[in-house]
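Have a look at the structure below before the remarks.
The values are calculated or read from the model by the stated rules, or taken from the named source; none is laboratory data. What you see is a predicted model; the values in this text were computed from it and never measured. Cβ coordinates were reconstructed from backbone atoms using ideal geometry, including for glycine residues, and neighbour counts include every protein chain displayed.
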């Protein structure tokens, strides 16, 4: 027995070594738990197919870093703040890697994500490991229901704030209502979970159109690899549709729009979900983007200001354009607001380092941000703050800096946002 | 009904012509250099971006000159890459080596393009040709599809004349059949290879310009057409340019007609057709 200690065998040496390493590995996290550092994790689409959605995030994060560089004082106590930034590459697969990194390895106190895939991947882990998480930039139905949530129950530690897909469809109808048309709408949808939701006969666009007295000429779903829409377009032409709507990405819309022109169909209105959220997709249409309708989550003309920097929406967009030389995009507002909500939740928690206390801090939060009020406390849907939307049209700018500008044309769902211009029919 | 069918076939044949042009360059490198050129998709994209650049600088440029410019730029790049890298890789007996080299070139070119041009979608508007159409007997035909078809026919007729009627074509055919003997007869093998690679890259550029006018391009668009290009090449018979045209048209017509009956089919029936023909060939013993 004693001999074992004086000349240890190789096996017992390894065992000792492993124990020592394990102690060494765990030591920092014990030290961290006792410290005053709040770790905020971020997972977002900094690259990949949704990179447009995350394009403003690095810039927004820099502003937050400046804001917290001397720590945060909450309830009279000063905390250091550490930001852990991760790119989920717009992939579900990589999102799970990032999720376990942020939750298990980095042990963040709070996680923020502006991406649907990342919110899915982090959600389950965060709920079981008690890490309060706030997500955004996905219609709340697309976040709540696929994860098996219900409006009366919600989730224990994961929260979401954004507008609903029903609001998106209502903004479309408000654009159509403002025009004199034959009320015949041609629709087509990209075949993915979001598209299937939007084309749902009871919950989606077909129901909303029917309620408002429109007839639908449905071309149905199409595959994401589609590059030709001649059949759908000839169907719309034969049905003499005045309005085109549905859901597709910008790379589908360009050939679709060209084939609409080739077929001789001249619609009076066109509003597609997702196709032209960003100026780059409208710019790709050349002269033929004037009057295209889209849902608007945020523009520099929203009459709100940042709770972090005190900047107005206009000032934030102006600073972005000055710093980067690029036109503002809608995620600029939500990307900033996500950090506003995160910091407000920390301030609203009795002990920001305690997950249950921070959870309460989010659940009882009702705060004003650059995108408008974000109210978890009085929301009819648990774990969710439903934000507003307005309707917009892309208009050719008259001698402006950029070829197209997004103008607010209807504010039925958010009356505090001023209408900038009247709805115009497409001029093709 | 007849009118709809004619419109449908027109769309299918013109899309097929485009697929043919996409496959033409690949068939050329496959048939003559015996190299599976995985950077073909990037040549398509670069051609499109050159065209976008030309039109941005000179908006009044006619489409013919845009095509010539893109062709020349990509031919230059393709020729240089062949001379500098692929040629050396071809010295190895293992066909995997040049394939991997072209794969590496593809990755580098794609990322260079993202870094320099950005990942935005770009549209190419040459004098509004993509939206123009003409009417015959109550049917509406797009001008761009027609231009695409004319160009596709010109590419294949030109290629066929070049290979069959010129001294260069004779060297190419000789090299394709028996490279060693051709070399013994004084054919300057490397020169011919560089010219063929340049030609293939040029054709890719033409396809890229047509694609950009039809839809839009981003640095990632070329890759997505590589699969179609391979199907065109394999269906058309490895290395056969005329076969590539026929295969392109077949696949284009299948895509358009199938989506008439099933709008959600996408490229499913295109791939199924490809698969079915492969099976028929395997059974009849004509796979290679």
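Scan region B:134-149 for residues that are at the interface with another protein chain (Cβ under 8 Å from one of its Cβ atoms) and either modelled with pLDDT of 85 or more or loosely packed, with under 15 Cβ neighbours inside 10 Å (or both) and the total you get is 6.
Quick one: would you say residue A:250 is over 19 Å from residue B:12 (Cα atoms), within 12 Å of another protein chain (Cβ to nearest Cβ) and touching a residue at least 12 places away in the same chain (Cβ under 8 Å)? In short, yes. Among the residues of region A:123-139, those that are in contact with a helix residue (DSSP H, G or I) (Cβ under 7 Å, 6 or more places away or on another chain) and not in a loop (DSSP other than H, G, I, E, B) comprise A:125, A:126, A:129, A:133, A:134, A:135, A:136. In the set (1) away from every other protein chain (no Cβ under 14 Å); (2) surrounded by fewer than 20 Cβ atoms within 10 Å (Cβ to Cβ); (3) within 21 Å of residue B:9 (Cβ to Cβ), residue B:152 fails one condition alone, (2).
Selection over region A:266-282 of residues that are surrounded by fewer than 24 Cβ atoms within 10 Å (Cβ to Cβ) and more than 9 Å from chain B (Cβ to nearest Cβ) gives a count of 6.
Within region B:22-43, is even one residue within 18 Å of residue B:241 (Cα to Cα), within 14 Å of chain A (Cβ to nearest Cβ) and in a helix (DSSP H, G or I)? Among the residues of region B:22-43, at least one is within 18 Å of residue B:241 (Cα to Cα), within 14 Å of chain A (Cβ to nearest Cβ) and in a helix (DSSP H, G or I), which makes the answer yes.
Scanning region A:63-96 for residues that are under 16 Å from residue A:41 (Cα atoms), in a helix (DSSP H, G or I) and in contact with a helix residue (DSSP H, G or I) (Cβ under 7 Å, 6 or more places away or on another chain) turns up A:64, A:95, A:96.
Taking (1) assigned to a helix (DSSP H, G or I); (2) more than 14 Å from chain A (Cβ to nearest Cβ); (3) over 11 Å from the mean Cα position of the chain (by Cα) in turn, residue B:187 satisfies each apart from (1).
Residues that are out of contact with any strand residue (DSSP E or B) (no Cβ under 7 Å at 6 or more places or on another chain), within 10 Å of chain A (Cβ to nearest Cβ) and assigned to a loop (DSSP other than H, G, I, E, B) within region B:230-265 comprise B:262, B:265, listed in sequence order. Candidates A:174, A:212: the one that is more than 14 Å from every other protein chain (Cβ to nearest Cβ), without any contact (Cβ under 8 Å) to a residue 60 or more places away in the chain and surrounded by fewer than 23 Cβ atoms within 10 Å (Cβ to Cβ) is A:212.
One residue alone among A:217, A:187, A:225 is closer than 27 Å to residue B:269 by Cβ and either without any contact (Cβ under 8 Å) to a residue 12 or more places away in the chain or not assigned by TED's automatic domain parsing to the domain that holds residue A:291 (or both), and that residue is A:225. Restricted to region A:220-230, and to residues there that are touching a strand residue (DSSP E or B) at 6+ places or on another chain (Cβ under 9 Å) and surrounded by fewer than 23 Cβ atoms within 10 Å (Cβ to Cβ), the residue that is farthest from the other protein chains (Cβ to nearest Cβ) is A:224.
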